[in-house]
Amino acid sequence: MCLSVKNLTINNGHQRLLSSLTLTVEQGQVLTIMGPSGCGKSTLLGVIAGHIPPDCHYQGEISLNNRLLNALAPDKRRIGLLFQDDLLFPHLNVWQNLAFGLPSSVKKPERKTRAYDTLAALGLTALACQCPSQISGGQRARISLMRCLLAEPDAILLDEPFSKLDKDLRSQFRDLVFQEIRQLNIPALMVTHDQDDVPPDGQILHWPAPLEEEPSYA
């Protein structure tokens with residue numbers, strides 16, 4: 001199981017964001033893309049997930065577990081995508097938001113149990129019946145990320161997932177996320193501009209690179 005792109009070139013209007021990128025993310029691995037804000041890192045994640053802006057065009061192959069994704073709709077790609085902002089449903093409470101992310105194969109009685117188990121692991125059981133508007137931004141970020149993982153995707157894309165957490169929670173939650181990815185044994189591609197977000201011994205792709213060169217790896 002792996003996520004790979006081959007000879008990927010992305011143009012945003014008349015601007016070339018990326019040229020001839022080839023990479024492979026193995027199962028259980030977190031590959032980090034490092035670069036400043038506004039360089040197009042989020043656009044790359046959107047292209048891989050199938051959420052492509054109207055003025056964006058790309059060439060190259062995107063595959064997951066040896067399955068070509070280019071022609072597939074986003075909901076058929078089995079890729080979890082977590083943006084910087086949480087996308088929790090305001091009309092559902094916290095445990096219901098988590099339960100919503102579970103695969104349809106999980107039956108109704110077990111959905112609440114799984115949601116509460118996740119909250120217990122986060123130390124947030126007291127928030128189970130709170131609405132998203134009643135909890136902090138950092139708490140919403142953690143709930144949103146865990147909902148994404150509970151959906152059991154075949155790969156996950158993380159767009160600065162820790163940026164809204166305070167310093168004390170950031171390290172603890174980062175360890176939890178990387179542990180979950182290893183347990184699910186899925187490839188993960190993360191973009192950030194914070195070196196501290198990189199997992200220990202993690203591989204880094206530095207972007208942007210000169211267009212005549214391939215992006216560099218650490």
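The values are calculated or read from the model by the stated rules, or taken from the named source; none is laboratory data. Because the structure is predicted, anything quoted here is derived from the model rather than measured. Reconstructed Cβ throughout: ideal geometry from the backbone, glycine too, with neighbour counts over all protein chains shown.
Descriptive notes on the structure:
- Checked against (1) surrounded by 15 or more Cβ atoms within 10 Å (Cβ to Cβ); (2) at pLDDT below 90; (3) over 23 Å from LEU169 (Cα atoms), LEU69 passes all but a single condition, namely (2).
- Look at (1) at pLDDT below 90; (2) touching a Gly at 6+ places or on another chain (Cβ under 7 Å); (3) closer than 28 Å to GLN183 by Cβ; (4) not hydroxyl-bearing (Ser, Thr, Tyr) and you find that LEU18 fails only one, number (3).
Residues are listed down the side, and each one gets a yes or a no for (1) small (Gly, Ala, Ser); (2) modelled with pLDDT under 85; (3) touching a Pro at 6+ places or on another chain (Cβ under 8 Å); (4) closer than 15 Å to VAL25 by Cα:
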position: ARG142; (1), (2), (3), (4): no, yes, no, no
position: MET146; (1), (2), (3), (4): no, no, no, no
position: PHE173; (1), (2), (3), (4): no, yes, no, no
position: VAL191; (1), (2), (3), (4): no, no, no, yes
position: GLN203; (1), (2), (3), (4): no, no, no, yes
position: TRP207; (1), (2), (3), (4): no, yes, yes, no
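- Screening the candidates ASP166, ASP196, ASP201 for the property of being under 18 Å from the mean Cα position of the chain (by Cα), exposed (fewer than 13 other Cβ atoms within 10 Å of the Cβ) and among the acidic types (Asp, Glu) yields one hit, ASP196.
- A residue that is at pLDDT below 90 and closer than 26 Å to CYS2 by Cα occurs somewhere in the stretch 104-116.
- Scanning the stretch 76-124 for residues that are out of contact with any Pro (no Cβ under 6 Å at 6 or more places or on another chain), within 18 Å of LEU158 (Cα to Cα) and basic (Lys, Arg) turns up just one, ARG77.
- Sub-6 Å Cβ pairs linking a first residue in the stretch 184-205 that is within 9 Å of MET34 (Cβ to Cβ) to a second residue that is among the acidic types (Asp, Glu) and in a loop (DSSP other than H, G, I, E, B), at least 6 apart or interchain, are THR192/GLU160, ordered by first then second residue.
- Scanning the stretch 136-163 for residues that are touching a strand residue (DSSP E or B) at 6+ places or on another chain (Cβ under 8 Å) and either buried (at least 17 other Cβ atoms within 10 Å of the Cβ) or in a helix (DSSP H, G or I) (or both) yields a count of 14.
- Selected residue (criterion: farthest from LEU3 (Cα to Cα)) from residues of the stretch 80-96 that are outside any loop (DSSP other than H, G, I, E, B) and modelled with pLDDT under 95: LEU82
- Residue in the stretch 58-73 that is in a strand (DSSP E or B), in contact (Cβ under 8 Å) with a residue 12 or more places away in the chain, under 26 Å from GLN183 (Cβ atoms) and touching a helix residue (DSSP H, G or I) at 6+ places or on another chain (Cβ under 7 Å) present: yes
- The set of residues in the stretch 71-104 that are within 23 Å of GLY28 (Cα to Cα) and not basic (Lys, Arg) comprises PRO74, ASP75, ILE79, GLY80, LEU81, LEU82, PHE83, GLN84, LEU98, GLY101, LEU102, PRO103.
- Some residue of the stretch 4-25 being among the charged types (D, E, K, R) and under 13 Å from PRO187 (Cα atoms): no
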